[in-house]
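The values are calculated or read from the model by the stated rules, or taken from the named source; none is laboratory data. This one's a predicted model, so the numbers in the text were calculated from it and none came from an experiment. Backbone-built Cβ (ideal geometry, glycine too); neighbour counts: all protein chains shown. These accessible areas exclude ligands, DNA and RNA; they are computed on the full protein's heavy atoms, side chains included. Shrake-Rupley method; radii C 1.70, N 1.55, O 1.52, S 1.80 Å.
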Amino acid sequence: MVLTSVEKMVGLQKKTSGIRNICILAHVDHGKTTLADCLISSNGIISSRLAGKLRYMDSREDEQIRGITMKSSAISLHFVKGDQEYLINLIDSPGHVDFSSEVSTAVRLCDGCIIVVDAVEGVCPQTQAVLRQAWLENIRPVLVINKMDRLIVELKLTPQEAYLHLKKILEQINAVTGALFTSKVLEERAEKETESERVPDTAPGDQIYDWSTGLEDTDDSHLYFSPDHGNVVFASAVDGWGFGIEHFARLYSQKIGINPAILLKTLWGDYYLNTKTKKIMKGDQSKGKKPLFVQFVLDNIWSLYEAVMKRDKEKIEKIVTSLGLRIGARESRHADPKVHLNAICSQWLPISDAVLSMVCNKLPSPLDITAERVEKLMCVGAKTFESLPPETQELKSAFLKCSSEGTAPVIVFVSKMFAVDAKALPHNKPRPLTQEEIAHRRELAKRRHAEKLAANQGRELSEKPPSENSSEAAGNPGDTKGEEEQLSGQAEITTSKALKQEADNKESFIAFARVFSGVVQRGQKIFVLGPKYDPAESLHKLSSQCSATDDLPLVPHMSCCTLENLYLLMGRELEDLEEVPAGNVLGIGGLQDFVLKSATLSTSPACPPFTPLNFEATPIVRVAVEPKHPSDMPQLVRGMKLLNQADPCVEVLIQETGEHVLVTAGEVHLQRCLDDLKERFAKVQISVSAPIIPFRETITRPPKVDMVNEEIGKQQKVAVIHQAKEDQNKIPEGIQVDSDGLVTISTPNKQATLSVRAVPLPEEVTRLLEENSDLIRTMEQLNTSLNEDKKTHEVNQKTLDRIKEFKHKLEQNLPGRKWRNAVDQIWSFGPRKCGPNILLYNFEGYKRSVWQCLGSAVKELTKYRDFDNSIVSGFQLATLSGPMCEEPLMGVCFTVEKWEMNKLGEMLSTGSQDSGESDAVEHKQNEDTSLKSSCTDEVCSVNEHQDGSQSIPKSPEKTSRHKGEVLLADCYGPFSGQLIATMKEACRYALQAKPQRLMAAMYTCEIMATAEVLGRVYAVLSKREGRVLQEEMKEGTDVFIIKAVLPVAESFGFADEIRKRTSGLASPQLVFSHWEIISSDPFWVPTTEEEYLHFGEKADSENQARKYMNAVRKRKGLYVEEKIVEHAEKQRTLSRNK
């Protein structure tokens, strides 16, 4: 097919009904990029012979070397079907789990997707993940079962076996979709039930609970993949063929004379053809007949493969003539039978026609966007569509119309920023010369040639005897001047060249975006709305009619920018555009200073920011980066900023230690980020630390048995030679620790005493707190606004229901006498006020709850009221870095059982109540403002005390307050600060009074391996502390699927080692799963006789938890207890004594 011009594409962009925005999703190595190649070759962009070998969409060098896609890239294709013309914006996405964030960015811009599944491997973990992502974004999928040739060539299945195998694959995929659908219906039903509970006038009577009601009456037939629906294509992209069953239905309806509509319904399923009556009958298996699909479709393909592979010339000729194809002599004589096969198949069943016609028939155009999807996009966080301002709700119609009229508001979503080399931009590309330019260059060349001839003649003259030439030399001082001019000209040329080179090396950022409404024009001014922008707040300041060109007041999270360039994305190429109508995918230049990773652009300030993208993979692998030469630090910092912008999933941060840390999703992702940093963004040599592995600290219940499974307390203790355990838990003076772990500690100025106890939380509660961290954060915001008596932004009912449900679940999971009323006494969560640890209060005379937002707010003035924030801050600090190795805590509940303040403390608190200022709260919440406005009260009071002569008269209540404070503003600093430090210490000692444990981050690991390498896979897993959960065999293949868990700390180099040991026959997929307690005690030493006998005096067998703990302490520069000399009794020499 001929190449389509840019003008033609621009024309097609205006017909919204003919646009299809689609992405290709699949597990790694299932053939997405090869399929994309076949579709691109149909537009003549690449040769059909190179389709599958070129991998056109993989434009990066490392993608070509590794053979996997690492970033999503788009291309626009033209497709003609009958008299209809379509524009297909195709996005190819990665399948590797490390790059699943790229899939999220692609899915957001599309209306439909092609799910590709390997016919041999079937549904893999990443297939399920991409189906889930497509489901969450409400986009419609179609299915391509790829690599059908493997069933013939590799597995050598008969057509009948292949049919059964394909049926199984379809069942597996439909099971995944069914599970997603069921969960959605049940959720909706639960919501309806809670609403009906709120409306009390329901008819009384016995309600019978049936979980499946609601599933029967919901039609879900359109969701499932079935060849007779026309949403499945069987293909082999590498051999260039693919078909939907409608192709064969049309073909055979002419041959046999059966209605094509009937054939379409019966070609897939348990139907067979009764040859005598020429009728299609049901029940092929019971009668031992061939199903129609095998007889009419698979048999033909199998016989073609057999003929070509065996080089049966007569049969091949017969097939070619009966199909009416023309095969070139070059292909038919080629040494590789695959070339010949490709030539026949790609003419007989061209894959691009099958896939693209399915896309045009089955996937929606931008006009068909559903109201449900629009509402989902417009509602950020816990807001419902109804709670949005009316001007914002009106924009819903603009989304649904998707109109390109001048009056329609422009709404664009940028899903990611990607870096391109400045040389690749259209205005920097070499373009063909015009006739005038060619004539001008010819003139220049002639002149240069003439000058060269003249110079040569001059040199010949100068070589003559000096007597002849002396007069000339004296009379011509102009020559040297000419030379100087020439030199300066050369210098100018070199500097301009250097500048040009610098400009060429610069990375340009282009926004990967889609227009949802209106027409985007080059040079247009537009609002950039950040993810935290709230239209309700800004509409008070701005009118909804204002535009980005007006002079506007400052609004948080909103800025104005000009769209400098618009590009048509064509894989590796970019084409300039003047305007882009609604419903199209495009690239936008000139946004790098306004957009970090994703943003919403609009001409209307009433537009809400779109819901943030949901990423499947969480970044977990951290490394510290520094330049080899310290002088390169500014380039590295700039490079890391650019990298952060160019990658949707990477995180860049500076730790408290001053290290620059890169957080990535996995090893392959990390490698790619480091390569980019070295070669593209920073362009400096960097040294990378060993991966920083995150741990968590926790406590457990005291064990019942010791390390040799003897019951504790029964056997006699022996004299411990080195009391590491006791040394570890040495408690300083002034701190009391009870036998049951209650720690009592006083502030340095003895004005307050705290008693704190630490208890491990049940696992379910920890999991619940982790899952609901966003909800806890929302609660915290609501409580803050309630405390400050601000007019709270309207809390919608849905959020309150979620909070109530969360509270109810907590109550269910904290049963028994020990936890009585615990949920109501929750004071705070930590660290960062939304973590998996809890602070409870259990003393008289104080009431404060995190459930204030549910209406249980208690405004009472007690003596504790002013300093409760100090206690909470102490708890936050203690949970942020535990005593073992300064890592955050997890699953710990601290209870404050006693908080006594003596008279001075109370006096201070009442004084501050009178003046109506809560000191500690101010210190915590607006530190910066208080520092600017005045020096803190305590410091002021000290200054006053020292030079009373200069003191300014104040209001009587303030001076009385200061008298109380003068006594407290002692050498220990402000009282609130002492409380924070004391609370932190109390929490630490309370932790150390209980058995401490480390928690390691765990990956779930899915490995597909053949039977012969199973043993080696197990060997690698056990060596790296892995634990196999299950192993199952894929039916119809010799492939095993192994599911295991593996500590993140042991996972580096795991994938490479498995590939080496199994000669590439097994490849793992690692996804972060959960945190798991390491069972061994990091401080354990043998204490009983049995343990001495079993482990020896030094307990030499390596303690995994201690090893991890010491590694983290060493990295952080903390004290590590280890012997420098292990074997002092024997001198070790390097050379042997002769």
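Could you look at region 48-107 and say what percent of its accessible area is carbon and sulfur, using a 1.4 Å probe and all protein chains?
Details: 1010 of 1990 Å².
Ligands and nucleic acids excluded, carbon and sulfur give 51 percent.
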> Which distance in nm do the two modelled labels at residue 1012 and residue 53 give, with both placed 7 Å along the Cα-to-Cβ direction?
Replying inline: 2.9
>> On a full-extension model of 0.36 nm per residue, what is the gain between residue 329 and residue 771, subtracting their alpha-carbon distance, rounded to one decimal in nm?
In response: 152.7 nm
> Computed over the Cα atoms of region 1-114, what is the convex hull's projected area averaged over all directions, in nm²?
Replying inline: 7.4
> So if R0 is 30 Å, what FRET efficiency would residue 460 and residue 435 give, r being the distance between their Cβ atoms, rounded to the nearest 0.05?
Replying inline: 0.20
>> Place a point 7 Å from the Cα of residue 83 along the Cα-to-Cβ direction; which residues of region 237-265 have their backbone N under 13 Å from it?
In response: none
>> Give me the extension gain from residue 132 to residue 655: residue separation times 0.36 nm, minus the current Cα-Cα distance, reported in nm with one decimal.
In response: 184.8 nm
> Using 7 Å Cα-to-Cβ label points, what is the residue 8/residue 1065 separation (nm, one decimal)?
Replying inline: 4.9
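Report the local net charge at residue 557: Lys and Arg +1, Asp and Glu -1, summed over other residues whose C-beta lies under 12 Å from its C-beta. Working shown, then result.
Numbers: positive: 532; negative: 534, 537.
In short, -1.
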> For the cross-link pairs 14/401; 898/994; 167/315; 287/315; 71/401, which exceed 22 Å when the distance is taken from alpha carbon to alpha carbon?
Replying inline: 167/315; 287/315; 71/401
>> At R0 = 30 Å, how high is the FRET efficiency between residue 596 and residue 854 if r is their beta carbon distance? Nearest 0.05 is fine.
In response: 0.25
>> Among 552-558, 586-592, how do they line up by average Cβ neighbours within 10 Å per residue, starting with the highest?
In response: 586-592, 552-558
>> As a test of reading the structure, rank 820, 442, 514 by solvent-accessible area (1.4 Å probe, protein chains only), most first.
In response: 820, 442, 514
> From the phi of every residue in region 509-514, what ³J(HN,Hα) in whole Hz does the Karplus formula 6.51 cos²θ - 1.76 cosθ + 1.60 yield, where θ is phi - 60° and glycine or proline is x?
Replying inline: 9, 10, 8, 8, 9, 9
> Ignoring any ligand, DNA or RNA, what whole percent of the accessible area of region 602-656 comes from carbon and sulfur when the probe is 1.4 angstrom?
Replying inline: 55
> Rounded to the nearest 10 Å², what accessible area does residue 189 show when all protein chains are kept and the probe is 1.4 Å?
Replying inline: 50
> What is the extension gain from residue 740 to residue 367, computed as 0.36 nm multiplied by their sequence separation minus the C-alpha to C-alpha distance, in nm to one decimal?
Replying inline: 127.5 nm
> Counting only residues 5 or more places away or on other chains, whose amide H sits under 5 Å from the amide H of residue 566 once H atoms are built in the peptide plane?
Replying inline: 577, 589
> How many nm is it between the label spots at residue 306 and residue 1038, if each spot is 7 Å from the Cα in line with the beta carbon?
Replying inline: 2.3
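Provide the FRET efficiency to the nearest 0.05 for the residue 1004-residue 1079 pair, computing r from the beta carbons and using R0 = 25 Å. Mind dumping the intermediate values first?
Details: r = 19 Å, r/R0 = 0.77.
After rounding to 0.05, the efficiency reads 0.85.
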